[in-house]
Amino acid sequence: MISVFELFKIGIGPSSSHTVGPMRAANQFLASLREAGLIDSVSRVEARFKGSLAWTGHGHATDRATLLGLAGQTPEKASPENASFIVEAMHKSASIPLAGIRTINFDTNRDLIFDRATPAGRHPNAMTLSAFSADGALLFTEDYFSIGGGFVIAGDAPFQRTESVIIPFPFRSAEELVARADSEGLTIAALILANESALRPEHEIRAHLSLIQETMESCIDRGLVQDGLLPGGLNVKRRAKALHEKLLADGSGNMVQPHRIMDWVSLYAIAVNEENASGGRVVTAPTNGAAGIVPAVMRYYRAHCAGASAEGADDFLLTATAIGALCKMNASISGAEVGCQGEIGVAASMAAAGLAAALGASNAQIENAAEIAMEHHLGMTCDPIGGLVQIPCIERNAFGANKAIAAASLAMRGDGTHQVSLDKVILTMRRTGEDMHDKYKETSQGGLALSAVEC
């Protein structure tokens, strides 16, 4: 089981696998040092990034995130406003407040290593953290793998964990999920809620769902009022504020001319992903690179759909959790592993299923909505220009959100029967990712990342 608490996490941008994951790895590293009683003996720490973390780590703020993590900051509590000041102070002082409790020397040129020559190993997002004593002796070292969506695996731990809690309705496929829900007379959302309730009280689950929704809404609203250039050197200008002002000024409101709804949905997604690109607070859904799709479709549901309710919004997220869990269990949500089909495609699939559920679709229609959205993102590469989560990532979220709404609408016009199952599409996504050349998997060595420069 992959919980809604795991799939929807609050963190800072620009990347779940390259920013949130490395910060979590640094947190785990500190915990290991504490458990071993070594924290007071550490004189130097080295971070070595490999694979995709080495190729696009600078653009994804991997170095900055690791420094923050080593200083004791966590993705959930780190302040986007203060993060830059904290990192700048470390650079100026050539030191780190290790775990926030003691200062050690830190030479960024020596101790932050972007190693593009050494194979990554078990996963393309790999990093090694090492602690040394004052005399240079190695005290502790560990490999970490950021496997997408902020999930981190240490050492040789299995990517798929063994459950320690018995849940009432386990499932490994969409076919099994729908069959179990139908046989019990449950919606997919109700089934997921029952599973979540085996882990914690329902009031805690509802509180987390509310927090996630509030964070998503706040992120959109912040993005609508910010302007200026996004960081990183591409000189990408924020568009959400100007677009919002134009939509408000055109006199049509939110509901006139049906195709104008697409502009509003695009606006919501762009607002989130501009916040993400600037290092703001977002909800990993299921990744930061695809963080705008679920919030945009959720805002569409709240602002543009008659009969929208708090219960429907909860059902949206619970249903989306089921789809995201299936994609993660049976394929991947890591752009460095399967390309952007595993990020934008999965987020669109989750949003399509969630919207269909919130609008009262049957379980079969929900599975169909998820399948349609995922199917039409197959083969999408991850080729960010300059290693930055800006071009084409921001606009891809806008299109992913609109495709999710179209998928939900199309599925609800049918009875849920269709030729290709969601399980087959997820399997195809995994196999396509395996066949995809590494230069198209978040390394910025192919696709638009090179073509834009050549042009």
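The values are calculated or read from the model by the stated rules, or taken from the named source; none is laboratory data. Everything numeric here is computed off the predicted structure, so don't read it as measured data. Please note: Cβ atoms are built from the backbone with ideal geometry, for glycine as well, and neighbour counts cover all protein chains shown.
Results for (1) assigned to a loop (DSSP other than H, G, I, E, B); (2) aliphatic (A, V, I, L, M); (3) free of Cβ contacts under 8 Å to residues at least 12 places away in the same chain, shown as yes or no for each residue.
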| residue | (1), (2), (3) |
| --- | --- |
| L199 | yes, yes, no |
| E204 | no, no, yes |
| H208 | no, no, no |
| C219 | no, no, no |
| R222 | no, no, no |
| G232 | yes, no, no |
| N235 | yes, no, yes |
| S266 | no, no, no |
| I270 | no, yes, no |
Item to complete: For residues that are surrounded by fewer than 24 Cβ atoms within 10 Å (Cβ to Cβ), closer than 24 Å to E442 by Cα and aliphatic (A, V, I, L, M), tally how many sit in the stretch 31-83.
Response: 1
Response to the item:
Exception for S3 within (1) of a type in the set (G, A, S); (2) surrounded by fewer than 23 Cβ atoms within 10 Å (Cβ to Cβ); (3) in the same structural domain as S95 (by TED's automatic domain parsing) falls at (3)
Response to the item:
Scanning the stretch 140-164 for residues that are touching a residue at least 60 places away in the same chain (Cβ under 8 Å) and assigned to a loop (DSSP other than H, G, I, E, B) gives G149, G150, Q160, E163
Practice prompt. Pick out the one residue from G335, G354, G360, G324 that is on the phi > 0 side of the Ramachandran plot and of a type in the set (G, A, S).
Written response: G360
Worksheet item: So, in the stretch 285-328, of the ones that are within 15 Å of I220 (Cβ to Cβ) and among the charged types (D, E, K, R), which residue ends up nearest to the chain's Cα centre (by Cα)?
Response: R299
Discussion item. Given the criterion part of a loop (DSSP other than H, G, I, E, B), under 23 Å from P170 (Cα atoms) and touching a helix residue (DSSP H, G or I) at 6+ places or on another chain (Cβ under 8 Å), identify the matching residue among I366, I333.
Written reply: I333
Discussion item. Looking at the stretch 117-139 only, could you name the residues that are assigned to a strand (DSSP E or B) and touching a residue at least 12 places away in the same chain (Cβ under 8 Å)?
Written reply: N125, A126, M127, T128, L129, S130, A131, F132, L139
Practice prompt. Collect the residues in the stretch 369-399 that are in contact with a Leu (Cβ under 7 Å, 6 or more places away or on another chain) and not in a helix (DSSP H, G or I), keeping them in residue-number order.
Written response: D383, L388, Q390, I391, P392
Discussion item. Cβ-Cβ under 6 Å, sequence separation 6+ or interchain: first residue in the stretch 1-19 and under 14 Å from E343 (Cβ atoms), partner surrounded by fewer than 24 Cβ atoms within 10 Å (Cβ to Cβ) and not aromatic (F, W, Y). Which pairs?
Written reply: G13/G279; G13/G280
